[in-house]
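Worksheet for the structure shown next.
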2 protein chains.
Amino acid sequence: MTLSCDAVTQGQTDLDREAIVPEPPVGDVTQAVLEVARRAKLAARSLANATRATKDAALVAMADALVASADEIVAANALDLERGRDGGMAAGLLDRLALDPARIASIADALRTVAGLPDPVGEVVRGSTLPNGLRLRQIRVPMGVVGMIYEARPNVTVDATGLAIKSGNAVVLRGGSAAQSGNEVIVRVLGRALESLDLPADLVQSIDAYGRPGAVALMHARGLVDVLVPRGGADLIRTVVRESTVPVIETGVGNCHVYVDATADLEAALPIVLNAKTQRVGVCNAAETLLVHEAVADAFLPTALAALAAAEVTVHGDERTVAAGDGVLVATETDWETEYLAPEIAVRVVADLDEAIDHIRTYSSGHTEAILTRDLPSSERFAAEIDSAAIMINASTRFTDGGEFGLGAELGISTQKLHARGPMGLGELTTTKWIVNGDNHIRP
Amino acid sequence: MTLSCDAVTQGQTDLDREAIVPEPPVGDVTQAVLEVARRAKLAARSLANATRATKDAALVAMADALVASADEIVAANALDLERGRDGGMAAGLLDRLALDPARIASIADALRTVAGLPDPVGEVVRGSTLPNGLRLRQIRVPMGVVGMIYEARPNVTVDATGLAIKSGNAVVLRGGSAAQSGNEVIVRVLGRALESLDLPADLVQSIDAYGRPGAVALMHARGLVDVLVPRGGADLIRTVVRESTVPVIETGVGNCHVYVDATADLEAALPIVLNAKTQRVGVCNAAETLLVHEAVADAFLPTALAALAAAEVTVHGDERTVAAGDGVLVATETDWETEYLAPEIAVRVVADLDEAIDHIRTYSSGHTEAILTRDLPSSERFAAEIDSAAIMINASTRFTDGGEFGLGAELGISTQKLHARGPMGLGELTTTKWIVNGDNHIRP
C-alpha cells in the first residue's frame, strides 16, 4: 500500500471554496467536531494496548466488509461522480474519484497487506539501568488520534484508516466534499466491521458532513487530536499549516532536481533524467528541474532536449538551454519554483557543483534531489550540503517512496524536519513513553 | 547542564504585554526578523558538516569568552535588574535574572560539559541494501535553525546556544525584554568567540530588539526556522502554539500526579509524596495532585496530611480528605487542573485504580505520573493506560529530567507526542536525511 502523492494536482482543495452541501452554524460545527474528536480519543484507548492479533483481525474484517459492501459503495460513489460531472470536474479527477468492484477489491487487498506488516507498538527504543538503580525503558506507543485532511480520493479513506488502526490509533477523516457520498458509506462499512469484533466504530469517523468549518475545527482540536496529516495539493497543505494548532506533518510537495555533473556517465544520465521526469508525471518524486554542468552541456543537452521533446515534455530553459534545442521556452523565476506535476521541466546550465547546490538550496521544496556523477568528492559534497529529505546518487528521484524503501506502507512523504522526514511508515504514527521502575526512589 | 523548567512561574510572559523598549513599525520588524533568520540559515550551512572537534572548540571558546567578559555582562545585567526593580519585579524573578561572576563561571562550565557529550550528528539510524541493489542509509543531520522563545533567564541564552551549536544548528533567540541588556552583551560575546574560530557570528543571534512583533515574526518564519522551542510559563507556551506556523515543540507544563495504590508500602509512600511535592516546588516535574486508594485512605491520609502541613504545604482536598486532616481547603474543579508550582497540592480519595487512571487522563498535562504499589498487574495497567511522557513506578516524579535520565543535557521536557516526548537531549535537535547510492538505477 502506498498513500504516496500519486496524481496530486495543485489547487484541488475545497478548503478555500464554498462547500457543496449547506453548512450548519460555525459554533455548532466546532462543538460537533470536538465531540467527534473526544469520541475518537476515548475509542483510541481501547486500541492503545490491543495485541497485534486484534489489530490484524480488524484490518482483515474491514477488508472483507468493503468487498461485501461493494455495491453499496459503488452506488454512493456514483452520486459523487454525477455531482463532479455536473460541476465540470476534469476527466483525470473523475477517474481518481471513481470506484468499481475491482478497485474496491484492490483497496481491500491493501488492508490485508498492512495486516502482514510488523506492529511498531511496544518496541523498546532505548533502555538502561541508571547509576541510582532506576530501570528506564523508552517504548513505542500509539499517537492516539490521527487527523487526515485530503481530497477526492476514496482509497485514502481506507488506506489511512488501515495504517492508523495497525499502529493503534483512532482516525478522524476529512475527505472533501467531492467524495463525500462514497466516503460516508465507506466509513460506515469500516465502523461496522470494527464493531463486529467488539471494537468501537468511533475508531474511524468522518467529519465531511461539517464542511469547511469542520475542517478548521479539526485543525484547532489541540489536546484531542495528536497529529494532523494533510494530503493533497500545495494549497491544501499551506492552509492546514497556516491554520492548525494541532501539530502537522507537512507532506508531499516535491520540487525535485536532477543534477548532471561534469563527470556523469552521459549515456546512463539520459534514461535517469527521462525516468525521473516521465515515468509518472503527477507524483511528488518526479523531477521538475534539470541542472547540467557547463562542461557537459554541449555533449548532453542537445540529446537530452531531443529525448524530452520526443517524450512530449515541454522545456523551460535558461539562455544556453534555449540555444541548445528546438522549441525550448524561456524559463522565468517562476519555473525554478514550480512543481509542474505535468510533462514540463525547467532546465538550467550551471557553472559548477557549487552553483548546482546553491540553485537547489534556493528553490527546492526539500523532497528529493539526484546527482549523476562519477566523482566521489562531488557525490559526498552533494549528499552533505543538500538539505532535502532524500539524496539520490546515480539513481532516479522516483525511488523516494515508502514501498521502494521497504517500509511496507506509506502514509505520505514528509518534507519537514520535525518527527518524520521522507517516506513515513507505520512507525511515524507512533510516539514513545518513558517507563521508570524504582524501589521507592526519591530524588536527593 | 539542564534547561529544565526550574522556577518557571506562570504568567511571566511579556508576549502579551507592551514591551519596555519602543518598537519600530511591524512591517519593518518582520523584514528585519526574516533577515536574521536568513542569515541564521546561511550560517547553519557552515556548521552542518563541521566535525565534532570544531563544534567542541567553539563551545570551549564561548565558555572562555563569557568568563573573560564577566564584568561587561554583569554591568549590562545591572541595567536589567534596575529596570526590573523599578517595574516592581518580584524578588524571586529578580534573583533568577541576576548574574555575578560566580554564576557566569557556572554557566560557562555548562558549555564545557556539553562539549564533553557525544555528537549526535552523523549517526546512521537505519540502513540496508534494497532488493534492486540500491544502498540506503538514514543518517542524523542538524535541524538547521532553532528558534528559542523564553523569559528573563540569561542562562538559557547560553545553554540553548551551546546545545544548538553542539548539534550543528544556528540559533535565533528571543529572551524577553526583562533580560534584554544582559542578553545583548552575552550574544555579542558568544558571536565574537565563534568568529575567533572563523565560524560565523550569525550562528547565534538575538531578536530582542524587535520586541513582541519580532517574536511574532519569528513564529511565522516557516521555511527559515526549522523548529521553535518555547520555554516558560503556560501563557507563553500557549501563545507560541497558537501563533506559530513554524513547527513547535511544546515543553514544560507539568500537572503531575502521585497515586497511592491499595497495596502501596505506606511507609515508603510518605517520603516519595513529600519528595515529589516539596523537594523543589517551582519545577514542572513536581507533583501537583495526590490520589489515594480508599482502602488505604484511613491509614495513609492523616499521616500524609500532617507531614504536608509540617512542610507548610497547603492542601486542597475532596470531601474525605477534608475530613481526614486539619486545615484542608475544599478542592474545586480548578484545583485538579492547576499546576501550582508552589507549596500547594490537591488531594483526592479514589475508589480504585480505574478511577485514578480516569482522573489522571482527564486532568494531566501529560508530563509525569507516579504509581506507588506492590501489585504487579496494577503497575502494568497504570504504565499501559496512562498517556503521559513518563510513568514512575515506585519512584518520585522528580526523576523526569534529562540529567537524571542520563541524556547529558536537556533542552526542555516535551509534553507533546510529535518528534520528542519527555526530556529532550541533543538528539532531539537533529533530524535525518536519506542517502541512496545507486548504479544508474531507474524505476521500472
### Message
For the range A:281-296, which positions are buried (at least 21 other Cβ atoms within 10 Å of the Cβ) and more than 31 Å from the chain's Cα centre (by Cα)?
### Response
A:His293
#### Entry: Among the candidates B:Ile435, B:Ile442, residue that is open to solvent by less than 20 Å² (accessible area, probe 1.4 Å) and either more than 7 Å from chain A (Cβ to nearest Cβ) or at pLDDT 95 or above (or both)
B:Ile435
#### Entry: Those residues of the range B:297-321 which are more than 32 Å from the chain's Cα centre (by Cα) and within 23 Å of B:Glu337 (Cβ to Cβ), in sequence order
B:Ala297, B:Leu301, B:Glu319, B:Arg320, B:Thr321
### Query
What number of residues within the range B:238-261 are over 20 Å from B:Val145 (Cβ atoms) and in contact with a Gly (Cβ under 7 Å, 6 or more places away or on another chain)?
1
### Query
Just for the range A:147-171: of the residues that are open to solvent by 10 Å² or more (accessible area, probe 1.4 Å) and of a type outside the set (D, E, K, R), which one is farthest from A:Thr431 (Cα to Cα)?
A:Ala152
#### Entry: The one condition in (1) at pLDDT 95 or above; (2) open to solvent by less than 30 Å² (accessible area, probe 1.4 Å) that A:Thr54 fails to fulfil
(2)
### Summary
Counting only residues in the range B:374-388 that are within 11 Å of chain A (Cβ to nearest Cβ) and of a type in the set (Ser, Thr, Tyr), the one surrounded by the fewest Cβ atoms within 10 Å (Cβ to Cβ) is identified as B:Ser379
### Query
Can you find even one residue in the range A:50-60 that is without any contact (Cβ under 8 Å) to a residue 40 or more places away in the chain and within 14 Å of chain B (Cβ to nearest Cβ)?
yes
### Query
Just wondering, is there one or more residues in the range B:245-263 that are under 26 Å from B:Ala342 (Cβ atoms) and surrounded by fewer than 19 Cβ atoms within 10 Å (Cβ to Cβ)?
no
### Task
Taking B:Val240 as meeting all but one of (1) free of Cβ contacts under 8 Å to residues at least 40 places away in the same chain; (2) touching a helix residue (DSSP H, G or I) at 6+ places or on another chain (Cβ under 9 Å); (3) within 30 Å of B:Ala90 (Cα to Cα); (4) within 14 Å of chain A (Cβ to nearest Cβ), write down the number of the exception.
(1)
### Query
For the range B:310-326, which residues satisfy the criterion of being at pLDDT 95 or above and either open to solvent by 60 Å² or more (accessible area, probe 1.4 Å) or more than 26 Å from B:Thr263 (Cβ to Cβ) (or both)?
B:Ala310, B:Glu312, B:Thr314, B:His316, B:Glu319, B:Arg320, B:Ala323
## Note on the structure
Checked the range A:335-351 for anything buried (at least 21 other Cβ atoms within 10 Å of the Cβ) and either free of Cβ contacts under 8 Å to residues at least 40 places away in the same chain or over 14 Å from A:Ser365 (Cβ atoms) (or both); matches are A:Asp335, A:Ile345, A:Val347, A:Arg348, A:Val349, A:Val350
### Query
Just one of the numbered conditions (1) surrounded by 18 or more Cβ atoms within 10 Å (Cβ to Cβ); (2) in contact with a Phe, Trp or Tyr (Cβ under 8 Å, 6 or more places away or on another chain); (3) not hydrophobic (A, V, I, L, M, F, W, C) is not true of A:Arg398; which one?
(2)
### Query
Could you count how many residues in the range A:113-128 are farther than 29 Å from A:Val246 by Cα and either touching a residue at least 12 places away in the same chain (Cβ under 8 Å) or more than 10 Å from chain B (Cβ to nearest Cβ) (or both)?
3
### Task
Mind listing just one residue for me: the one in the range A:423-432 that is more than 7 Å from chain B (Cβ to nearest Cβ) and open to solvent by less than 30 Å² (accessible area, probe 1.4 Å) and, of those, nearest to B:Asn285 (Cα to Cα)?
A:Thr430
### Query
Can you find even one residue in the range A:44-52 that is of a type in the set (Val, Ile, Thr) and more than 28 Å from B:Ala389 (Cβ to Cβ)?
no
### Message
Every residue in the range B:243-269 that is assigned to a loop (DSSP other than H, G, I, E, B), at the interface with chain A (Cβ under 10 Å from one of its Cβ atoms) and more than 14 Å from the chain's Cα centre (by Cα), please.
### Response
B:Ser244, B:Thr245, B:Val246, B:Pro247, B:Ala264, B:Asp265
#### Entry: Single residue of the range A:61-107 satisfying the filter (more than 24 Å from A:Ser177 (Cβ to Cβ) and surrounded by fewer than 17 Cβ atoms within 10 Å (Cβ to Cβ)) that is nearest to the chain's Cα centre (by Cα)
A:Ser106
### Message
Which condition from (1) outside any helix (DSSP H, G or I); (2) at pLDDT below 95; (3) not polar (S, T, N, Q) is the one that A:Asp198 breaks?
### Response
(2)
### Task
Keeping to the range B:203-241, report how many residues are open to solvent by 10 Å² or more (accessible area, probe 1.4 Å) and assigned to a strand (DSSP E or B).
3
## Note on the structure
Across the range A:389-403, the tally of residues that are facing chain B (nearest Cβ under 7 Å) and touching a helix residue (DSSP H, G or I) at 6+ places or on another chain (Cβ under 9 Å) stands at 8
### Message
Looking at the range A:252-267, I want the residues that are free of Cβ contacts under 8 Å to residues at least 24 places away in the same chain and have a partner that is basic (Lys, Arg) and in a loop (DSSP other than H, G, I, E, B) with Cβ atoms under 7 Å, at least 6 apart or on another chain. Which pairs are those?
### Response
none
### Task
Provide a single number: the residues in the range B:144-163 that are within 14 Å of chain A (Cβ to nearest Cβ) and within 18 Å of B:Leu59 (Cβ to Cβ).
1
### Residue that is among the small types (Gly, Ala, Ser), surrounded by fewer than 21 Cβ atoms within 10 Å (Cβ to Cβ) and touching a residue at least 60 places away in the same chain (Cβ under 8 Å), where the choices are A:Gly133, A:Gly182, A:Gly144
A:Gly133
### Message
Restricting to the range A:404-422, and then to whatever is farther than 21 Å from B:Ser128 by Cβ and more than 10 Å from chain B (Cβ to nearest Cβ), can you tell me which residue is modelled with the highest pLDDT?
### Response
A:Thr415
### Task
Return a yes/no flag: does the range B:35-45 have any residue that is more than 22 Å from B:Pro213 (Cα to Cα), touching a Gly at 6+ places or on another chain (Cβ under 9 Å) and at pLDDT 95 or above.
yes
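The values are calculated or read from the model by the stated rules, or taken from the named source; none is laboratory data. Because the structure is predicted, anything quoted here is derived from the model rather than measured. Methodologically, a virtual Cβ is constructed for each residue, glycine included, from the backbone with ideal geometry; neighbour enumeration extends over all protein chains shown. These accessible areas exclude ligands, DNA and RNA; they are computed on the full protein's heavy atoms, side chains included. Shrake-Rupley method; radii C 1.70, N 1.55, O 1.52, S 1.80 Å.
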